[in-house]
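**Student:** I have a structure here, written as structure tokens, and I will follow up with some questions on it.
The values are calculated or read from the model by the stated rules, or taken from the named source; none is laboratory data. Note that the structure is a prediction, hence the values are computed from the model and not measured. Cβ atoms come from the backbone with ideal geometry, glycine included; neighbour counts cover every protein chain shown. Note: accessible area is taken over every heavy atom of the protein model, side chains too, but ligands, DNA and RNA are not part of it. Shrake-Rupley method; radii C 1.70, N 1.55, O 1.52, S 1.80 Å.
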Amino acid sequence: MDSKAAALPEQGAWSSVHPGWRQLYGDFERMGVNLEWHDFQTDEPLDWGRSFHPRSIEFCLNLEGRGAVGRTGRSPMDYLPGKSGYYAIADEPLIASRQARDRHQFVTLEFSRFHLQDQLRGCEGDLDPAIRDLIYPAIERSAVGQPRPMSADQRTLVTTLLHPPVPKAAQILWYQSKALELMAHFLFEPKDPELFCMRQKKVARDRVARTKELLARDLADPPTLEVLGQEVGCSPFYLSRIFSREVGLTIPQYLRNLRMERAAELLRSGHYNVTEAATEVGYSSLSHFSKAFCETIGCCPVLYPAAKHIVLER
């Protein structure tokens, strides 16, 4: 399915205020996430609930305009200017509306429950309890959280969304990072921010250490980034980010260093020739191996043991 076809449900819901709706990032059907910007005024009340997807959780940051979201037969939650909140949709649809003649400006970030469960594997204990019950429900139910004032950080983040400070080629990655940042604002509410920060750093260090172990285990056939993420309990994107931050190298760069150090060790032993050492660390192309070895170790592999001895004698 192409992106235009996938976007049709959202386009239909907002067709009466087009072009006041803009999809910034994602595709709910294919990726399980939608980040959308809304800026419009309408003469009639707008049925906002038509844009909601079953089995989803949506976060709303309401800059301007008045809206309401509620369950059938219950008092709705009011979304006033400067408020943010969330609502979960199961089989029971929610009733949502936008006031006529108001100027509406707001951002919505919608996730499928499955997407959140995958992204947050291993972090369940740190989630806000009310949100955790919606992401990992014993019985799926529709629910509406109490809207709260937007934080200064949330306001700052939202104002950057229309003007990404990166080249066009990098905007998908940039919007992905902003979606994750917004998700963190809603999902995690530490009672002690310093303790929470320390705990998150420890979790990151443990994940990086485990990644190093997994990479070193089989240099000839190392696990993919997706498998590494599954093994350490986080998304591949997040793992790549924390690994680079902790180690100062990307995962492919670190793996290449590991391979070259192991190859150098084999060559020094005198029991392996260059071809055998290359094969042992996962290289089928001798030219690629030689190039990587020269860049990492500082000399060609055929000269390495001799060059090593010359340096030591000096």
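**Student:** Quote the convex hull volume per residue of the chain, based on C-alpha atoms, as a whole number of Å³.
**Tutor:** Values: hull volume 55.7 nm³, N = 314.
Looking at the chain, the number lands at 177 Å³ per residue.
**Student:** For the chain, report the accessible area per residue in Å² (1.4 Å probe, heavy atoms, rounded to an integer).
**Tutor:** It amounts to 54 Å² per residue over the chain.
**Student:** Place a +1 charge on the Cβ of each Lys and Arg in the range 106-157 and a -1 charge on the Cβ of each Asp and Glu, then give the dipole magnitude about the Cα centre in debye, rounded to the nearest 20. Let's see the in-between values first.
**Tutor:** On the way: 6 positive and 8 negative charges, 28 e Å.
So the magnitude is around 140 debye.
**Student:** Using Cα pairs under 8 angstrom and six or more residues apart, how large is the relative contact order of the range 47-173, in percent? Don't skip to the end; give the middle numbers.
**Tutor:** Working: 204 pairs, mean separation 39.5, N = 127.
Contact order relative to length: 31 percent.
**Student:** What is the spin-label model distance, in nm, from residue 245 to residue 221 if the labels are put 7 Å beyond Cα along the C-beta direction?
**Tutor:** 3.4
**Student:** Within the range 133-187, which chymotrypsin sites (Phe, Trp or Tyr not before Pro) sit in a loop by DSSP and count at most 12 neighbouring Cβ atoms inside 10 Å? Could you put the intermediate results ahead of the total?
**Tutor:** Details: sites: 174, 175, 186; in loops: none.
Of the chymotrypsin sites (Phe, Trp or Tyr not before Pro), not one in the loops of the range 133-187 has a Cβ with at most 12 other Cβ atoms within 10 Å.
**Student:** Place the peptides 121-134, 201-214, 20-33 in order of packing, highest mean first, counting for every residue the other Cβ atoms within 10 Å and averaging per peptide. All intermediate terms of the calculation are to be shown ahead of the outcome.
**Tutor:** On the way: 121-134: 14.2, 201-214: 15.7, 20-33: 17.9.
Ranked by mean Cβ neighbours within 10 Å, highest first: 20-33, 201-214, 121-134.
**Student:** Follow-up. On a 0 to 90 degree scale, rounded to 10, what angle separates helix 236-247 from the longest Cα axis of the chain?
**Tutor:** With rounding to tens, the tilt is 50 degrees.
**Student:** As I understand it, the value is the acute angle between the Cα axis of helix 304-313 and the longest principal axis of the Cα atoms of the chain; what does it come to in degrees, rounded to 10?
**Tutor:** Once rounded, one gets 70 degrees.
**Student:** Given an 8 Å cut-off on Cα distances and at least 6 residues of separation, report the relative contact order of the chain as a percent. Show your work: numbers first, answer last.
**Tutor:** Working: 437 pairs, mean separation 40.9, N = 314.
Relative contact order comes out at 13 percent.
**Student:** Can you give me the convex hull volume of the Cα atoms of the range 187-303, divided per residue and expressed in Å³? Numbers along the way, then the final one.
**Tutor:** Numbers: hull volume 12.5 nm³, N = 117.
Hull volume over Cα atoms, normalised by residue count, gives 107 Å³.
**Student:** Now for a separate question. Determine how many Å³ per residue the convex hull of the Cα atoms of the range 1-130 encloses.
**Tutor:** Values: hull volume 14.7 nm³, N = 130.
Given the Cα convex hull of the range 1-130, per-residue volume reads 113 Å³.
**Student:** State the percentage of accessible surface on the range 76-120 attributable to carbon and sulfur atoms; use a 1.4 Å probe and exclude ligands, DNA and RNA. Write out the running numbers ahead of the final one.
**Tutor:** Details: 930 of 1780 Å².
Carbon with sulfur: 52 percent of the solvent-accessible area.
**Student:** Any idea what the dipole of the range 1-153 comes to, in debye rounded to 20, about its Cα centre with Lys/Arg Cβ at +1 and Asp/Glu Cβ at -1? Walk me through the numbers on the way to the answer.
**Tutor:** Values: 17 positive and 23 negative charges, 50 e Å.
That gives a dipole near 240 debye.
**Student:** At 0.36 nm per residue, minus the direct Cα-Cα distance, what do residue 128 and residue 284 gain on full extension? Give it in nm, one decimal, please. All intermediate terms of the calculation are to be shown ahead of the outcome.
**Tutor:** Numbers: separation 156, 0.36 × 156 = 56.16 nm, distance 4.91 nm.
So the chain would gain 51.2 nm between residue 128 and residue 284.
**Student:** Relative to the present Cα-Cα distance, how much length would full extension add between residue 139 and residue 15 at 0.36 nm per residue of separation?
**Tutor:** On the way: separation 124, 0.36 × 124 = 44.64 nm, distance 3.38 nm.
Gain in length upon complete extension: 41.3 nm.
**Student:** Towards the positive end of the charge dipole of the chain, with charges on Cβ (+1 Lys, Arg; -1 Asp, Glu), say which of 163, 299, 70 has the farthest Cα.
**Tutor:** 299
**Student:** Rounded to the nearest 10 Å², what accessible area does residue 163 show when all protein chains are kept and the probe is 1.4 Å?
**Tutor:** 140
**Student:** So what's the angle, to the nearest 10 degrees on a 0 to 90 scale, between helix 286-297 and the longest Cα principal axis of the chain?
**Tutor:** Roughly 90 degrees between the two axes.
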